[in-house]
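The values are calculated or read from the model by the stated rules, or taken from the named source; none is laboratory data. Bear in mind that the values here come from a model prediction, so they are computed numbers and not experimental data. Reconstructed Cβ throughout: ideal geometry from the backbone, glycine too, with neighbour counts over all protein chains shown.
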Amino acid sequence: MATGEIVDEESLGGAEMHSKISGLSDYLAEDELDGLRIAREIVAHLAPKPYPRRDPVEDPLYPADDLLGIASADIRVPFDVKEIIARIADGSKFEEFKPLYGSTLVTGWARIHGFMVGILGNNGVLISEAAAKGAQFINLCNQQSIPLLFLQNITGFMVGRSYEEQGIIRNGAKLINAVSKGRPATRRRHGYHQTRCCRACRDSCR
């Protein structure tokens, strides 16, 4: 069964479409060598037990004092959460997960003081794609007992008819059931997303 539409192969099921739109692909490689590089980074997470392992500590490439000026006092002025990650991660190294999909939530792995952590940082209001990506990333970290670090700067979930039809409640529910023991707020925390994350963190500490 087919729809009968005229479409090229890339638009129908190409790597770029599945990396940016459908979310089926986690990474988009430029060529075979780049694909091997990505595969090596993924396999590096499969560390032998006991875990977590502490690697040698590297200083970030950017000074920590910059953190005081990244976030504007005016909450209407956006900033890139990757600028914060670059100043807290060892060697300013950050392996981003699904970088082309759900871009309003940044997810990925880094080391802080030698320990591997999974980082989730807001880069805008949460939409369905970003919530689904966050839930998938948290599940991956849970499978390997990698602790989570939330860098919150959020006004909540996007509200509107089209977003409801896209499943923001379904995908959002998967995300907000994640638990983290450390959730620094980079500037603001509002809405249902903030309420549920705080509740999950509180319940986990009982």
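Just one of the numbered conditions (1) on the phi > 0 side of the Ramachandran plot; (2) under 15 Å from the mean Cα position of the chain (by Cα) is not true of Asp80: (1). Applying a threshold of 7 Å to beta carbon distances and a minimum spacing of six or more residues, or different chains, the list of pairs starting in the stretch 2-30 at a residue that is over 27 Å from Ile138 (Cβ atoms) and ending at one that is at pLDDT 80 or above and in a helix (DSSP H, G or I) reads Glu10/Glu16; Glu10/Met17; Ser11/Met17. The one condition from (1) over 17 Å from Cys141 (Cα atoms); (2) touching a residue at least 24 places away in the same chain (Cβ under 8 Å) that Phe97 does not meet is (1). Across the stretch 56-101, the number of residues qualifying as modelled with pLDDT under 90 and in a loop (DSSP other than H, G, I, E, B) comes to 9.
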